[in-house]
Every structure is written in C-alpha cells, then in structure tokens.
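Input: a single structure, listed below in structure tokens.
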Amino acid sequence: MDFVPTRFQVVFDGTHFPTFPEPPIWARDTLEIPLYAAAASALILAIRAVALWRRPSDLSIQKSWKDVTIYGGTVVLIHNIARAWACLALVGLSLASLAICRTEMNGLEPRLGLELGLCVLYVYAAALAVFSVRATTRTGIVAAWHLNCILVVAFGVYFYRDIFPYATYTWPIQDAFEGHILTGKLVTLTLAAVVIPLVTPRAYVPVDPNNPMPVPSPEQTASPLSLILFSFLDPVIIQAYKLPHLPFDMLPPLADSDMSENLKKRSFPNIDTFSGASGHHIFFGIIKTFSNEYSAIIFLLILYSLCMFASPIGINRVLAYLENGPEDSPIRPIVWIIWLAFGPLIGTTALQAYFRLSMRILVQVEGLLTELIFEHALRVRVKAHNEHPDAPTPPSPKDDASSTNGASESDASSETVQGTASTISKDPKSASNSTKQGSVDVGKISNLVTTDLRNVTNMADFLLLLFYMPITIVFCVVFLYIVLGWSSFVGMFTMLMLFPVSGIAARILQGIQIGRIKAADARIGTISETMNVLRMIKLFGWEDRMLERVNNKREEELLWIWRREIFEWVANTVKKSDHSASNVIPIITMLVTYFILSPQTVIMKQELRPSIVFSTMPVFDMLRNQLHMANYRVIQFIDSKVSLDRINDFLHNTELLDQFAEDKEGSAEVLGADDTTRSQEIGFRDAMFTWSNENDGSATPSRHRFTLRIDDELLFKRGRFNLVLGPTGAGKTSLLMALLGEMHFIPATPSSWYNLPREGGVAYAAQESWVLNETIRDNILFGSEFDEERYKKVLYQCALERDLELFEAGDQSEVGEKGLSLFLECLTLSGGQKARCTLARAIYSKAEILLLDDVLAALDVHTSKWIVEKCFTGDLVKGRTVILVTHNVALAAPIADHTISIGLNGRITSQGSVAEALQHDKKLAEEANAELQVMEQVVDAEAAETKPGKDDSKKDGKLILAEEVQLGRVKWSAVGLYLRGLGGVGFYVAFLGFYTCSQLAQVLETWYLGYFASKYENSPPGSVSVSYHLGVYGMITLFDILAKSFGDIIFAFACLRASRVIHRQLTESILGTTLRWLDITPASRVIARFTADITAVDGPILNVFAGFVVVTLSMASSFGAVVFLTPLFSVPGVFAAIIGGAFGQLFIKAQLSVKRESSNAKAPVLGHFSAAIAGLTSIRAYGAQVPFITESLRRINRYTRAARTLSLLDRWVGVRLAAVGNILAAVLAVYLVYFRNEQSNNVGFSLNMAAGFSMRILFWVVRIWNDVQIQGINSLERIQQYINIEQEPKPTEVGKPPAHWPSSGELVVEKLSARYSPDGPKVLRDISFRVNSGERVGIVGRTGSGKSSLTLALLRCIYTEGTVHYDGIPTSSINLDALRSNITIIPQMLLSGTLRHNLDPFGQYDDPTLNMALRAAGLYSLQEEMDEGRLVLDSVISSGGSNLSVGQRQILALARAIVRESKLLILDEATSAIDYKTDGIIQTSLRTELKSDVTVITVAHRLQTILDSDKIMVLDEGRIVEFDAPKELLKNPKGKLRALVDESGDKDNLYAMAEGRSSSKS
C-alpha cells in the first residue's frame, strides 16, 4: 500500500518496557467486570423497552414460528441454538464452581458472591441467547448484540486470569482451584463468545422489506470470520480458475444495500437540492450519508496504525531475550514469536477491512454522483458550444452510446408561464445564493462524469490524510522519544529543516503535472476532433497532415512527461523510488541522531546498541513516509477538491430550464379558474426568448445574440396542421424550442405568457435526428406498447417499408452510434432514413401534439410528397395538433390550416393562412412558386412499394461490434509491444545493472548498521569510532543513491521512446483504417485508447514496470541475504513463495475476468449518459425522463456489481498472503531463537530481511504483478487490438503520380463494381461511363440505387473491381492520399475553431481566397438581410458546427470544397437542407465561379438542380439505366428522365433548361 513502509521493521529497545513480576492488584478482582457489563446491558435494554413499548410490534413477529426465515435460515438457527445451549452449560458450570466455593471455604469466602453473580450473568446470557434465535427481528438483533458484548467481556477476563499466565514465567493462574471445571468453562466460553459468533452466518435483513433480494449477496450473509478472511469469495475464485473467462452472470449478486435505487433514497435527501438537501457543499452531504461507514473506518485506521508496531515489538523482545536472557522479561519468547505472526496479521485484517469499506463507498459515490449529474442534466439548459475553443474539453473514454427503451406518459400539466424566473440551479428552498449563473454544454456535462468523477474517486482515502497520518506521526514521535530520549527531537528537527527540499521539488513537480495535463488536454482535443471528422479527413486525403498535427501535440506532451520523470525521483511523489531526495532526509536525520547519541559525544554519551539501531532506523523511515504521503496526498486532495467543486458548481450554479428555476419574484403563477380556456391554448403573448438568461447582456456565443420576439398574441390551432416558415437561420427551430421551454422566457408586458398543454402528451421530431443504440423497432416504439396494426401503419405512412426490406434483420436491425446500421448497400442510415425513423417515433406515439422540425429537409421530393399525402393526411395524424417547420412551402401548403412566418431578425412577420403569409412575404411567395414547379420533378420510384417473397429469416441485426473481452491470460505479445518500445539489449543491461547495484547496496546498508552497533558489545568502551562507521555507512548510501538515479534517468529516456512509438503506431493505424471499420467501431472506443490507455502507457505502466523490477530485485536480495546467513531458511522461503504464488495465480485469474467485465459494464453507463445528454430536448419533449432514469440506475447497478467484486478480490488475496509472510517470519524466529546460536545483530538483520521478504511477496503479488497484468498489459492489449486492424493500402514510391497530375478532370470508368465488405453483396454492378474534363454530370436515382456508393467508389473508400482512369491514370495505381487530395467530395462536417480554420485547416490560403469561396457558396447572399450575428472568417464555430443551422453547415462545407480547387468536384446532396433561393444562388455560383476545366458530379433529388448539366446519369439497383446529355435523354419517349419531365407541371421550363445548356455547350 502507498502508506506501508517496505524497507524496514520497527524494533523496540527492551529496556524501556515495563514488566510485571505478578499481576497488578486491580487484576485480582477482574471477575466483577463481566457483572458490571451485564448490569449495564440490562439497564440499557430496560430503558429501550420503556421507550418502545407503545410503538407497533415488529411485523416479522406476525409470521408463523414455523417459518424458518424468521430465524435467518436453517444454518443460522442451528448456530444460535448451539450458543443458547453453551450459555446454559455455563450456568451449570458456574453452579458447580459455586458448590466448590461452599464446600472448600479455605480463603474462598469472597468468591461466593462473585460466583453467585456469575451464575446470574450466565442465566441472563442464556435468556438473551433465546431471544437472539429470532435473528431477523428487531428484538433478536438487539439481543444478539448485547449477548456478544457480555460474552466477549467474560472471555477477556478469563483469558487474562487463566490463559495468559501460561505465557509468562511468574504469573499465577487465578482460578486454578476449580480444576477441570475451569477447563470446561474456558472451552465452553470460547465456543459461546468466540467460535460460534465468528462462524455463524449473518441473517439477511433486506434494506427495503417490501423488495427483498431474491438471492441475497454472500457478503451480506457471510459469517464474521468469512467476512474478515473474505472466504465468501472462494466459490467465485474457484469457478473463475476453472473457466477461460468468468461471465458477468456468475459474479456474486449485488447486495441490496449497494442497489442504486436504495442508495438514491438514502443519499439524495443529503446531496440533491431537488430532493430536500440544503444548499451546502455536496462534500458534506456525502459525509452525512456515509457517516456510519466513516466512523468504522476511523476505528480500523487506529487499529492498523497501532498494529504497524506489532512486528518491531516482537523482534525487539526476541533480541532482548538473546542479549539478556529470561531476566529481561517475564514473557516467554514463544509469545513474541507468535506475536510476530498474528500481530501484523491483525493489522493487515484491519487494513483490508478498511479498504473494503472505503472501496465500497468509492463505488457507491461514483454511481450516486453519476446518477445525480444525470438527473440534474435533465433540468439544465444545454448550450452546445465551447466557450473557450482554445481549451478543448477532454473527451470521455466512453463506449457504445446506447440508451434506453421507453418513454413515459407526459406530465399531466400545462406549461403556461407568466413572467420570468431566475434560472440558476440552487436550493429550491432558499434564494440566498447569488453566485453568477454558469453556462454548460454537452461536453462539460460529459466531462463531469469522466475526468472529474475519476478525480473525485481518487479522494476516497481522504481520511488517510486527515486522520491516519496525524495519529501515526504521533505514535512515531512517542516511540522515538521512548527509545532515544531527547536526541530524537534533534533528529526530527533536522528532518523538518530538510523536508522543504522535498517540498520544493514536489511543488515543481506539481507545476509540471499541470503543464502535462494541459498538453494532454490539447492532444486529446485534437484526437477527439479528428475522430469526429475522420471520414472527412480520409475523403480529403489529410491523413499525413493530421498525423503530423497529432504528433506535434504528442511531442509537447512528451516534453512535460520527460520533465516529470526527471523531477519525480527528486520529489518522490508519483513514483515511489526507494532513494531520492526524500530518502536523503531520513538518512541525514539518522546520522545526526546517532552522532548525538554516541558515547564519543559530550551530549548524551549512550551506547549505540543493535536494539537502538534496528528500532529507530525504520521509524525514521516510517515518519518520513507519513510526511511524504502528506505531500503526495495533499496534491491529490487538491485535484479532487477542484473536481468536486466543479460538480458542486454544476449542481448549484448552472442555468436551469425556466420550469425548474426557483421563483424569486413569484412570477411563475399558476393559472386560476378563469384561465382554464387559455391553459388549453398553444402559443405566446408578448414574449421574448433567448438561449440563456444572461443578465449582463453579453452575447451567447452559440446563438450570436439571437432573440426570438413574439409581439401581441401568437396562437397555434388545436387539432389542426400548423406551418412555420422562414429562411435559413431565421429561428424556426427556436420557436419550437421556446414552446418546449428550452429557451429562456423574457416577458415584454405583465400579461406575457406562453403555453404548451401536456395533458395529452407531446411528441417531438428534431431536425438533427436523434436515434438510440437500439433496434429500429425500439427506436420507433420508444417504450410504448407494441400495437402491430398501428406499427405497420406507421411504417407504411413514413415510407419505411422499402428501407426495412434492405436491412438483413428488418426492423430488428440495430442502429448504432450516429445512426450506423447494418445495411446491405450502405453502412450508414441516410439522413432521410434517420429523419423518417424520428418521424415514425412521433407518429407512433399517442401524443396529441406533434412538433416536427424540418423533417422533410433530408428527404427527396417524392418521399416528401409521400409523407405529406400518406402520413400527414392519414388517420394516425387526423385530429392531432401538428406544428411543422419546413422550407417546402408548396408541398405542405395544401394541408396547412395555419401558417406562421419568421423573418431573419427573429420576429414573427405574419400568421394566418398560407396565402396571407405569401402575401406578406414576396420572397417567400417567389420561393413557393419555384417549389411548385419542382414538386412533381421526382426521380425516385414508389418509396413505399414493397416486393413480395422476402425471406423471413432475419439476422440478429447487430452492427456495433461488442467490446472485445479477452479470455484467459493476458497476451504477452502486448507486453512485447512495450518492451520493444523501451529499447534494445544495451538499455536492459544498463538499466538492470544500476538497479541491481542499488538493491545490493540497500541490503549492505542494513547489515552494516547492525555490524556497527555490535561493535559496542565486543569492544572496550570508547574504542568504537563513530565518525568512521557513519562515514562508511554514508558512502554506501551515496553509492545506492547514485546507482538508482542513473537507472532512473536511463529508464526515463526509454519510457519517452516507448510512449512516442506506441502512440504513433496507434495514430497511424486509426488514420489508415477503412471506412467500414470506422462504421462498425464507435468513435468513443477509439478515443478511449487515446485517453485512458495511452495515459496508462505514460504513467501507470512505466511505474508498474519500474516497480516490478525494483520489488523483484528487492525480494531476491532480501531472500538471498537471509539464505546467506541462514541457509536453512531457503526451505520455508521457497515453500512460502509457492503458497503465495498459488494464491496469486487464483487471484489473478479471477481478477482478469472481473476487471474486464467491470470495464465493459462501465462503458454502457457512460454510453447511456452520453446518448441521453445528446437527446435531452427530445427526452424532455416526450416526458421520458423517468424511464431514462430507471435505465441509468439499472446500468449503474450492473457496473457496481462488477466493481464491488473487483475490489473484494484484492482484499481476499491480501489477507492470505499476509498470513503466509507473517508465519514465515515466525518460523525463522523460532529457528534462530531455539535452534541456532547467533549474535543479536545477525538475528535482527535476518528477521528484518525475512519480514521484508514476506511483505514484498504480498506487495509483489497483490500490487506489482497484478498491476502488470491488469493496469499494464490490459491497456497494452487494448492498444494492440487497434494497432492490428484492417488497413487501407499504404503509400508507396511507385504510387506517387506525376507532378503535373491531374492536369484535367477527365474521368473514365470501365466495368466498375463495388461492395462494402469483401464478402458483401455488390452495390454497383459493371458500371462504365466517360466524363470529359470540365463537364457537369448529374446523378439521379431512388434511395438505394447506388448514388452515394458511386462517389465512394471513385475515391476507393469501399471495395471495388474494374478500372477508373482519372486524367489518364488508373486510380488503383495511385496512392490513396494523392488520389483523394485531388478529388473533392463535400462531407457536412466542421471543426471547432474559427470559420477560417474550417475552410483552411492547414493555413494554405489567404483571406481573399477564402472570402471568395464563401461568396461562391452563397453565404453572403444568405446574410444580406441579417442585422446581427453574421458569419465572418473570425466567427467561432463549435465542434461539429453545433452552433450553426444545418443549412449554414452545408454552405460552409461547400465553400471548403471550392477552396481546394480540385479538378473533380463531387456534390452529394450538398444543398438538401438549404432553402430553394439559396440553392439557386449556389448553383449559379458553381456555374460561374469554377474554372472551365473542373469536372462537377452532382447527386441531387431536385431536377432543376441538375437538369442543365452536360450529362445526366440515372441509376437503378447499382446499374446505369440512362446516361447522356439531357437533350438526348429527353428525345427518348420511353426514357425515365423524359417521363419525369413530362409529368412535371413546368416541363416547358425544364426542356428549355436542357436545350439552353446544350446550346451553350455547342
């Protein structure tokens, strides 16, 4: 353990301990003590009975006496009956003793009263034993406690009187006159007071009597002895040893006291202000919740601190016996030898019990805070932006973003709000807190449950700092004063004077740690953003540039790591080097103290005897350890406090939704009876809304000072279809958010209000579709009951039947992270598919009010038309209130009953009918006319048409691969990854050589001090040269320090090299993998490798490796030293090593399985949290908070079950190995004392080395070897898994194209076929075509026809066959980076930073070029009418572009493509979410701004977008069915394009477009 000294053992000077020739006077009346205890017990029970006599009786008493559960089960009943009989036997034996006293009156008259009292005592005990048989009742539990106390007191008295005298030379047995009756008493009392209570299983008493566990946890029912030795884990450990991997279901069941539901009931009233907690810091709430556990921990720490001196006392008394004989002490040496075995074992038991409690609290607090943050996040107003883009929030190492099934009924309340409320999260009962509100975004919330929560859990041992260290230091000071007298204060004063040297180094190291963390945050931020846009990076061929950027960030971090390693051995904080500046301090302290004490000084002139040396040397070291730990723990404590303060600030000072805010002004009034009519209305009156309650008037970075203003009254029609119209960026989505209560309400007049009735339920479909990591069916049902008829109607009306046919598992296909799905043709759900799934969820729900945010934007015109005709006018929508935000005025106008129009300034420009809206907004009217002409221009086949004969056999539909769980032992190839990274043979020779010299010097130091002290025994007084011997000792120590320091420096260089190599290999592997691997692997898993696992490589793994070497060499040197002096020790030493190794193997096998299960159980907790945070608006709109909270609690329970088992396994092996080591030391002591004549200094040295060896066996197996395999190799395994993944072809010299390539945009495709996996079906089938340089080609086709697949095939992003010539060179012969960097496809992904950084991430272009690209993309035309919030090159863009509308993102993505000036430009639905006016501007810009030799391939659904192209390609089922100039295709009367144009209402204009383009080309 961190606070367990590993070098020395304490040895007391025998002359300073009192001895008793016979028991003291007070001990002769000790038989009265049990009588006092019994009287106190009876008095307490009587008072309790009086206090409880009027209360209801225990409910369990009503059960039949035949019900064995009352007694705690059959086994418990048998044990309690046996103890009752033992108590009755004690009554009989006491009566026999009373008879002896009456018969033999020789001096026994005073005993008559005592014996009579003892008879009454045992009768009382027997009565308590009878009551305690009903073990599960309140009466039985209280009786058992009193019985245990009385019997333990009686046993202790008899042990002192009649057993302990056998361990002395002079003490008499007090009750010897009783003869065999005394023997019977002792045996019976031992059974009743010790044996039976220790082995009796505890009765299961459920925390919640109404919800008992079906199978209680073995930890709850284990006997006290089993709990002390952790033997209740034996079945699990044995089962884990037999199986390759112990599955989760075979772990011990979770105790109901650990169930998150019960913990929530227990703790939330203390830590959650919305559950009644005060506004105090959350730390005090946690202390209050676990006050009982912390009281027990304090007791255990006191016991352990005392037991730290047990082994030194035992060694001291053995040495005293060897030096002075039996005259030195009345205690026999065998007692101290037994004490050597059991004294430290008691301390170890107390330590392991402490860890059991502290780790239990740690796991519980981790779960509680996760749930508390999650539930509070459901109340906060989330702003998806980074306030400080230059300081990215480190991502959480989470895994699959899975979520929950289910939604509950909406709250039966109306959200009418009058006035405004403060939106600061504070104590709902108090308004005294005036802290300025904090803003919070999704990244910050996620960071709270990852980085901050991890820091908080590191504070689990805070009582070591606040309690354990002070009392241990006090004990050390007292000890040193007893042994050394006042010279000890000189030594301690010297230590205190020198200790600031270590403190200065520690402060320097703290600064280095801060710098390293900042550098790591920057690297992780870059990695996180890289993963978010990795598809774009690969499509643009930016892998090498991003690799260079990541490596530069890594080098900055490695520089700080190097500084940390150099200073670490000086400060001795993070890595506990055996010799650094912190070790120089006790060495100098000891030398000064011994010099003051020595006979050659004029101060004390005392002999420096071996007992003094072997006593004080380790105690100084122990004291140094405590001071050092204070230095280390304070730094850790500060980090934890900062994170806990962040969590507390989030809980108390973050901005809440108005409905949760405290009513400071009493303005959020409840509607009176006269407001009943208005409570059913949907709308606003004189209201303004902003994205935050910012009283200082500063702009919200994410919304550019946007304010939504509603003047007068705006009402939506109930039971009707309402449209919300407006240009891109006008605030249409904000109107829905305001209605849902997501924006801050600012009243303009006293009568201001807004209202959204929720009695009948509300359903919401977001513009950015939110899908769960569940099956498609579960996404649609969202927790509602399955109604097959309704479900089929929803699939039909939402045009999903055709899509489900294309899924191998139909509606059981799993939708994964970001909408990934197991799709035959494409690996991701298209935007239209996700939008229809989101729409289907809303339609399937039975909510009376549907809020639909631009669900038609991601759909082609035909599918949109289908949705409008089949869904919006269907029976499932009839009679429901629908509020639809859309750009498609013409398509939605026929069904609209009411229309609201919003201008660019966020104001309502009109409301009423569609005609009225068009009359007020001429531009909107022009756009509607354009849409009307396009509406019939459909290229897709019937979206909902189904084909018969589909195979009913379905696959399981799983896409996201389950997290890999390694089976059995760790893979040593992963260790080789690190060992090779460290260096070659030269490194290992130098490193191991220096470390070996250091360990040998340490052994020599200990031996030489004993040799120095022995000189006083064999030399005349005054003849021993103190300065000479201390000088030799100092030289040995100096050599030790130098050897260790050189080894540390060499190792630091090697660690730096290994960290650099492994990180680079991992980065290259991820950047070089295939798109398919990225599709099936959540980005969160990859980020976890770059965060938790790489952090392990930089810190824990190197520390574990160094610790492994140091402890292994130390153990070998200790064992060798003892064997050298005592060769026979090799036999028990090897035997102990074998036993310890066997325990270690059992432990490690179980630990590996449980550790893996714990890691895999943690990921879903974070995944569910992240998924829910991403969909907060949808969850709140549906009123689904309760089922999401329930699912969160379920996942926390699963993680807690694995984490608790994991922590208990450490305790299991710790107790057993401590027993082995302590018994080994006792065996050696017996041999040296009774069978070998050795000098005291050699005996002390041997016992010291043996104790160190036994301790190191425990430390080596439990901490070092376990850390090597669990912390080290496990992380290396995970990294190696992602280094050895499928890769795209690497660049070669042969694959470099000529410097002039490409000089034109000519594209020739011959027999191109493509598939998404090597064994998957073809999605393109023998496609051949030619595109001349500078031509514009439009591609059309229904969903699934292969349009997007063709664009990916051109970039070699999927598996292809056939030939593609780009500017005369086959693309298969060109390096991928060269190919993709010269072809531009437009992915809609943005980076965090400025707009300039998004357009030109690598600083290749000047501002005029960038502005020209923005103008060509249509941004400036879009912003002509905006008064504020215009985007410029210095505008800050959030990660992923979350602070922009979807249309704005598409415009910026298009501008970025224009900047690249590639000869081939591919637009895949690049303008789908842009209004028609802006789309027209963009198309005009593309025709005029691009150079004449740029080839443009456009995938689109709007015919007017592509009909003036030079050529049009029509795809169907992966084949080209038509490909020619539009004019030529329109000449074919049976052609598909001709049919579509002829059906259009504006065919003359379309023909003119085709003719015009043809004329211009000619």
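Within the range 134-158, the set of residues being open to solvent by 60 Å² or more (accessible area, probe 1.4 Å), part of a helix (DSSP H, G or I) and modelled with pLDDT under 90 comprises ARG138, THR139, ILE141. Look at the range 793-806: where a residue is closer than 11 Å to ILE843 by Cα and a partner is charged (D, E, K, R), sitting 6+ places away or on another chain with Cβ atoms under 7 Å, you get LEU795/GLU801; GLN797/LYS870; CYS798/ARG836. In the range 280-314, of all residues being surrounded by fewer than 16 Cβ atoms within 10 Å (Cβ to Cβ) and small (Gly, Ala, Ser), the one that is nearest to the chain's Cα centre (by Cα) corresponds to SER291. Considering (1) open to solvent by less than 10 Å² (accessible area, probe 1.4 Å); (2) at pLDDT 85 or above; (3) more than 28 Å from LEU1276 (Cα to Cα), the lone condition that GLY1244 does not fulfil carries the number (2). Flag: LEU108 does not match the condition of being modelled with pLDDT under 85 and open to solvent by 90 Å² or more (accessible area, probe 1.4 Å).
Restricting attention to the range 1321-1331, the residues that are within 18 Å of GLU1522 (Cβ to Cβ) and either touching a residue at least 60 places away in the same chain (Cβ under 8 Å) or crowded, with 21+ Cβ neighbours inside 10 Å (or both) add up to 7. Out of curiosity, is PHE1039 part of a helix (DSSP H, G or I) and farther than 22 Å from LYS538 by Cα? Taking the combined requirement at face value, the residue satisfies it. If I filter the range 1338-1353 for residues that are surrounded by fewer than 22 Cβ atoms within 10 Å (Cβ to Cβ), over 48 Å from the mean Cα position of the chain (by Cα) and in contact (Cβ under 8 Å) with a residue 60 or more places away in the chain, do I get at least one hit? Taking every residue of the range 1338-1353 in turn, none turns out to be surrounded by fewer than 22 Cβ atoms within 10 Å (Cβ to Cβ), over 48 Å from the mean Cα position of the chain (by Cα) and in contact (Cβ under 8 Å) with a residue 60 or more places away in the chain. With the requirement that a residue be of a type in the set (A, V, I, L, M) and either under 28 Å from ILE346 (Cα atoms) or surrounded by 14 or more Cβ atoms within 10 Å (Cβ to Cβ) (or both), what does the range 207-229 give you? If the condition is that a residue be of a type in the set (A, V, I, L, M) and either under 28 Å from ILE346 (Cα atoms) or surrounded by 14 or more Cβ atoms within 10 Å (Cβ to Cβ) (or both), then VAL207, MET213, ALA222, LEU225, LEU227, ILE228, LEU229 are the ones that fit.
Among residues of the range 136-152 that are in contact (Cβ under 8 Å) with a residue 40 or more places away in the chain, those with a beta-carbon under 6 Å from a residue that is among the β-branched types (Val, Ile, Thr) at least six positions away or on a different chain give the pairs THR136/ILE70; THR136/VAL205. Hey, any hits in the range 1509-1522 for a residue that's among the aliphatic types (A, V, I, L, M), modelled with pLDDT of 80 or more and more than 55 Å from the chain's Cα centre (by Cα)? Within the range 1509-1522, none of the residues are among the aliphatic types (A, V, I, L, M), modelled with pLDDT of 80 or more and more than 55 Å from the chain's Cα centre (by Cα). Residue under question is VAL130, and the condition is that it be under 14 Å from SER41 (Cα atoms), open to solvent by 50 Å² or more (accessible area, probe 1.4 Å) and either of a type in the set (Asp, Glu) or part of a helix (DSSP H, G or I) (or both); does it hold? Here the answer is no, as VAL130 does not meet what is asked.
The residue pairs whose first member lies in the range 192-221 and is part of a loop (DSSP other than H, G, I, E, B), whose second member is open to solvent by 60 Å² or more (accessible area, probe 1.4 Å), and whose beta carbons are closer than 7 Å, counting only pairs six or more residues apart or on different chains, are PRO201/VAL75; PRO206/PRO212.
Output the residues belonging to the range 460-479 that are closer than 24 Å to SER291 by Cβ and touching a Leu at 6+ places or on another chain (Cβ under 7 Å). Correct list: ALA460, LEU463, PHE467, TYR468. Residue check: HIS1365 meets all listed conditions (1) open to solvent by less than 60 Å² (accessible area, probe 1.4 Å); (2) part of a loop (DSSP other than H, G, I, E, B); (3) in contact with a strand residue (DSSP E or B) (Cβ under 8 Å, 6 or more places away or on another chain); (4) under 29 Å from GLU1068 (Cα atoms) but one, namely (2).
Matching residues to (1) outside any helix (DSSP H, G or I); (2) at pLDDT below 90; (3) touching a Gly at 6+ places or on another chain (Cβ under 8 Å):
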| site | (1), (2), (3) |
| --- | --- |
| GLN1151 | no, yes, no |
| LEU1224 | no, yes, yes |
| LEU1232 | no, yes, no |
| ARG1236 | yes, yes, no |
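Of the numbered criteria (1) of a type outside the set (Lys, Arg); (2) surrounded by fewer than 21 Cβ atoms within 10 Å (Cβ to Cβ); (3) modelled with pLDDT of 70 or more, the one GLY957 fails is (3).
Do we have THR183 as open to solvent by less than 40 Å² (accessible area, probe 1.4 Å) and assigned to a helix (DSSP H, G or I) here? Here the answer is no, as THR183 does not meet what is asked. For the range 860-907, taking the residues that are assigned to a loop (DSSP other than H, G, I, E, B) and among the hydroxyl-bearing types (Ser, Thr, Tyr), the one that is most open to solvent (accessible area, probe 1.4 Å) is identified as THR873.
The values are calculated or read from the model by the stated rules, or taken from the named source; none is laboratory data. Since the structure is predicted, the reported quantities are computational estimates derived from the model, not experimental observations. Cβ sites come from the backbone with ideal geometry, for glycine too, and all protein chains shown count toward neighbours. Just so you know, the surface numbers come from the protein's heavy atoms only, side chains and all, with ligands and any DNA or RNA stripped out. Shrake-Rupley method; radii C 1.70, N 1.55, O 1.52, S 1.80 Å.
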